[in-house]
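Q: First the structure, then my questions, so here it is.
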Amino acid sequence: MRFLFLLLLTSSSYLLHAQELYVFSEPASNIPAYSATAKLTARYTRSAEGRNFQRYNPEWMMGLSKTVMLKTSLSFSNVYADRFRWESAKVYAKWRFLSNDGIHRHFRMAAFADLAYSRNKDMYYDEMNLDGDNSGAQIGLVATQLLGKLAVSGTASVMQFMGTTMNHGIDTHDYNNLSYSLSAGYLLFPRQYANYNQTNLNLYVEALGAKGFQQGRYFVDIAPAIQLIFASKTKLNLGLRHQLTGNMFRIADNNYYISLETSFLNILKRNKHKSSTDSL
């Protein structure tokens with residue numbers, strides 16, 4: 001009974017902060033300690049040349065403690081090949097170093113780092129990312145403010161790309177950049193919580209941008225999204241990312257996003273306890 005009570009309490013706390021579970025970016029908050037999350041993301045777009053591209057990213061996230069989380073992911077796509085294939089692998093870590101929590105409100109800050117390997121060696125497009133296109137590393141900071149049903153978050157990071165070569169004439173690419181985002185999420189339903197099985201409906205809008213340090217190429221995107229959360233642990237995200245302005249040569253100016261993820265609360269703690277018991 002004690003374990004069930006703690007599980008429900010953890011679920012309820014996670015649900016109350018659902019409006020900061022952004023679709024296109026990460027908040028300063030982590031997934032619950034000793035818990036894990038499995039996620040599958042699909043992105044679809046059509047290039048200016050008329051090719052239909054698709055990319056899939058399976059992810060596995062772990063809450064190592066209340067302040068540290070780890071995420072690993074792969075990507076599969078047909079963006080740089082005529083056939084669908086495995087494309088890249090990435091590891092991501094986040095450390096929440098500041099928490100100023102109150103009733104239905106908090107301010108949190110975290111530092112994060114990514115390291116990615118991609119089999120794509122030719123840097124054909126100007127746009128740089130670690131979700132499949134490029135090999136490289138990223139470090140950054142994120143701050144999130146929760147005020148009742150509204151959560152606002154800002155991110156700034158520096159990316160360095162490695163192992164890529166130009167595949168046309170004069171090198172006009174940036175090989176490191178400043179990436180940034182400004183995200184807002186609003187909890188629309190339920191109006192009042194009765195139990196943790198209630199379905200959540202969250203609305204999001206995010207501004208996502210990047211600017212290179214060498215050539216100075218840039219873009220700014222707007223990304224609205226909706227999110228449904230079922231039984232406090234399974235999330236369905238639907239989003240659209242559209243370029244507002246920019247001068248980068250990109251795969252496409254629009255892409256469509258869908259993801260499904262589910263959480264396994266306290267699974268790491270239970271496994272640890274079971275291992276200790278088995279060793280007695």
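The values are calculated or read from the model by the stated rules, or taken from the named source; none is laboratory data. Since we're looking at a predicted model, the values are computed, not measured. Here the Cβ is made from the backbone with ideal geometry for all residues, glycine too, and neighbour counts use every protein chain on show.
Q: Which of the numbered conditions does ASP101 fail, given that it passes all the others? Conditions: (1) modelled with pLDDT of 95 or more; (2) over 21 Å from ALA252 (Cα atoms).
A: If we test ASP101 against (1) modelled with pLDDT of 95 or more; (2) over 21 Å from ALA252 (Cα atoms), just (1) comes out false.
Q: Return the only residue of PHE189, PHE230, PHE249, PHE213 being surrounded by fewer than 19 Cβ atoms within 10 Å (Cβ to Cβ) and under 23 Å from GLY63 (Cα atoms).
A: On the way: PHE189 fails: under 23 Å from GLY63 (Cα atoms); PHE249 fails: under 23 Å from GLY63 (Cα atoms); PHE213 fails: under 23 Å from GLY63 (Cα atoms).
Just one listed residue meets the conditions, PHE230.
Q: Separate question: Here are some residues: GLY136, GLY140. Which one is surrounded by 18 or more Cβ atoms within 10 Å (Cβ to Cβ), in contact with a Leu (Cβ under 7 Å, 6 or more places away or on another chain) and in a strand (DSSP E or B)? Full working, then the answer.
A: On the way: GLY140 fails: in contact with a Leu (Cβ under 7 Å, 6 or more places away or on another chain).
None of the others qualify; the one that does is GLY136.
Q: Any idea which of LEU150, LEU201 is more than 27 Å from TRP95 (Cβ to Cβ), at pLDDT 95 or above and of a type outside the set (Asp, Glu)? Talk me through it step by step, then tell me what you get.
A: On the way: LEU150 fails: more than 27 Å from TRP95 (Cβ to Cβ).
Among LEU150, LEU201, only LEU201 is more than 27 Å from TRP95 (Cβ to Cβ), at pLDDT 95 or above and of a type outside the set (Asp, Glu).
Q: Please determine, by comparing only the residues of region 231-249 that are within 19 Å of the chain's Cα centre (by Cα) and of a type in the set (A, V, I, L, M, F, W, C), which one is nearest to LEU265 (Cα to Cα). Walk me through how you get there before you give the answer.
A: Initially, region 231-249 is screened for residues within 19 Å of the chain's Cα centre (by Cα), giving 232-243.
Next, only the ones that are of a type in the set (A, V, I, L, M, F, W, C) stay: 236, 238, 240.
Details: LEU236: 18, LEU238: 24, LEU240: 29 Å.
So, considering only residues that are within 19 Å of the chain's Cα centre (by Cα) and of a type in the set (A, V, I, L, M, F, W, C), the one nearest to LEU265 (Cα to Cα) is LEU236.
Q: I want to confirm something. Restricting to region 74-84 and keeping residues that are part of a strand (DSSP E or B) and in contact (Cβ under 8 Å) with a residue 24 or more places away in the chain, which single residue is surrounded by the most Cβ atoms within 10 Å (Cβ to Cβ)?
A: SER75
Q: Turning to a different aspect of this structure: Could you list all residues from region 173-197 that are over 26 Å from ILE222 (Cβ atoms) and in contact with a Phe, Trp or Tyr (Cβ under 8 Å, 6 or more places away or on another chain)?
A: Hit for region 173-197 is TYR175, nothing else.
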